[in-house]
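The values are calculated or read from the model by the stated rules, or taken from the named source; none is laboratory data. Values in this document were obtained by computation on a predicted structure and should not be read as measured data. We place every Cβ from the backbone using ideal geometry, glycine too, and count neighbours over all the protein chains shown. Quick note on the areas: whole protein, heavy atoms, side chains included, nothing else; ligands and nucleic acids left out. Shrake-Rupley method; radii C 1.70, N 1.55, O 1.52, S 1.80 Å.
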Amino acid sequence: MSVPSLTADQQAGWRDDGYLVMPDFVEPSQVEALTARVGEMVADLARSPGEAATIFSTTQKSHAQDRYFLDSGDKVRAFFEEGAFDDDGRLLVPMDRALNKLGHAMHDLDPVFDRFSRTPQMAALAADLGFVDPLLVQSMVIFKPPHIGGEVVCHCDHAFLWTEPQTVTGFWFALQDATVENGCMWAIPGGQAGPARTRFRLEDAGTTTDVFDPTPYDMDLLVPLEVQAGTLIAFSGLLPHWSPPNTSDRARLAYTLHIIDAAADYPADNWLQRGADLPLRGFV
Ligand code: FE2
């Protein structure tokens with residue numbers, strides 16, 4: 001990895017735009033190591049999809065699907081695209097085309113992702129971005145398979161990982177080139193200056209979304225962040241971002257890590273909660 005001591009331009013970009021694009025942050029050998037590990041996990045799932053096959057065998061949003069998601073904050077679970085399984089739990093497409101994501105504690109439970117996510121370079125970048133006591137709260141492998149990976153509607157991550165004050169920051173690592181054709185991330189530069197318009201949270205046995213401002217994001221303000229494999233996009237939890245469907249023949253594999261500051265309050269009604277046996281940790 002390169003040493004992420006931010007230049008004055010990068011600091012200004014972070015402050016003004018709400019994100020930083022850092023090409024070659026990840027060395028090719030690390031991209032290969034993560035991609036190989038993902039390949040092993042996909043092969044394991046293909047051999048034995050386990051409970052996921054049952055839970056995703058219906059396209060109806062079910063209580064079981066909700067629990068499977070809400071209990072995944074301290075686990076590594078597989079999430080599938082709509083229609084990946086038939087009603088009997090049989091896979092309808094190859095496993096690497098069926099997966100939407102893996103999450104949400106890869107960085108604590110998988111040694112390869114743990115090593116990747118906790119490096120002095122990563123810690124230095126977080127410090128440069130203002131973190132005093134960073135905690136790694138969430139990680140995901142995002143597949144975005146060719147012709148199948150769907151749209152992710154425009155949102156900001158603070159809406160899903162709330163802290164008081166707002167501290168959540170996303171580190172998004174391209175493991176394959178991301179372009180307009182295969183559904184790269186788009187963002188609204190400067191959009192982090194506004195507050196979150198919604199908040200997704202636990203309520204009773206389920207979830208709810210508080211709407212503070214029903215105004216839709218202005219999609220005309222989005223700019224595409226086309227990047228090569230090995231690029232890190234660091235972005236504010238308030239930055240509105242979006243990604244279109246992958247209409248190309250090329251996969252768009254990515255790894256994301258979300259960081260919060262321990263000094264901020266992490267509400268008990270955030271969807272992502274940890275069991276006592278897996279407390280949140282920082283970069284060491
Ligand atoms: Fe997001």
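Filtered by the rule that a residue be aliphatic (A, V, I, L, M) and surrounded by 23 or more Cβ atoms within 10 Å (Cβ to Cβ), segment 176-192 gives 178, 185, 187, 188.
Within segment 177-191, the set of residues being in contact with a Lys or Arg (Cβ under 6 Å, 6 or more places away or on another chain) and in a loop (DSSP other than H, G, I, E, B) comprises 182, 183.
Of the residues making up segment 147-182, just one is under 14 Å from residue 249 (Cα atoms), modelled with pLDDT of 95 or more and within 15 Å of the ligand (Cβ to nearest atom), namely 178.
Checked against the criterion of being in a strand (DSSP E or B) and away from the ligand (no atom under 16 Å from the Cβ), the candidates 247, 207 yield just one match: 207. Considering segment 64-114, the residues that are among the charged types (D, E, K, R) and farther than 25 Å from residue 266 by Cα include one that is nearest to the chain's Cα centre (by Cα), namely 81.
Taking the criterion of being among the polar types (S, T, N, Q) and either touching a Phe, Trp or Tyr at 6+ places or on another chain (Cβ under 6 Å) or surrounded by 15 or more Cβ atoms within 10 Å (Cβ to Cβ) (or both), the only residue of segment 261-280 that qualifies is 270. A Cβ distance below 8 Å, combined with a sequence gap of six or more or placement on separate chains, defines the contacts here; from segment 231-253, residues that are open to solvent by 40 Å² or more (accessible area, probe 1.4 Å) reach residues that are among the aliphatic types (A, V, I, L, M) in the pairs 242/152; 242/153; 242/185; 242/187; 242/219; 242/222. Is there a residue being in a loop (DSSP other than H, G, I, E, B), more than 27 Å from residue 270 (Cβ to Cβ) and either within 16 Å of the ligand (Cβ to nearest atom) or touching a Leu at 6+ places or on another chain (Cβ under 7 Å) (or both) anywhere in segment 212-223? Looking for residues that are in a loop (DSSP other than H, G, I, E, B), more than 27 Å from residue 270 (Cβ to Cβ) and either within 16 Å of the ligand (Cβ to nearest atom) or touching a Leu at 6+ places or on another chain (Cβ under 7 Å) (or both), one finds none in segment 212-223, hence no. On the stretch given as segment 102-118, residues that are open to solvent by 40 Å² or more (accessible area, probe 1.4 Å) and closer than 30 Å to residue 57 by Cβ total 1.
In this structure, does residue 121 turn out to be surrounded by fewer than 20 Cβ atoms within 10 Å (Cβ to Cβ) and not acidic (Asp, Glu)? Spelling it out, residue 121 is indeed surrounded by fewer than 20 Cβ atoms within 10 Å (Cβ to Cβ) and not acidic (Asp, Glu).
Listed by position, the helices (runs of 4 or more DSSP H) inside segment 26-107 whose residues that are in contact (Cβ under 8 Å) with a residue 40 or more places away in the chain and under 23 Å from residue 229 (Cβ atoms) number at least 1 are 28-47, 95-98. Out of 207, 198, one residue alone is of a type in the set (Val, Ile, Thr), open to solvent by 40 Å² or more (accessible area, probe 1.4 Å) and touching a helix residue (DSSP H, G or I) at 6+ places or on another chain (Cβ under 6 Å). It is 198. State whether one or more residues within segment 183-201 are at pLDDT below 95 and away from the ligand (no atom under 16 Å from the Cβ). There is no residue in segment 183-201 that is at pLDDT below 95 and away from the ligand (no atom under 16 Å from the Cβ). Taken over segment 133-146, residues that are open to solvent by 30 Å² or more (accessible area, probe 1.4 Å) and away from the ligand (no atom under 14 Å from the Cβ) amount to 2. The combined condition, being in contact with a Leu (Cβ under 9 Å, 6 or more places away or on another chain) and at negative phi, is not fulfilled by residue 93.
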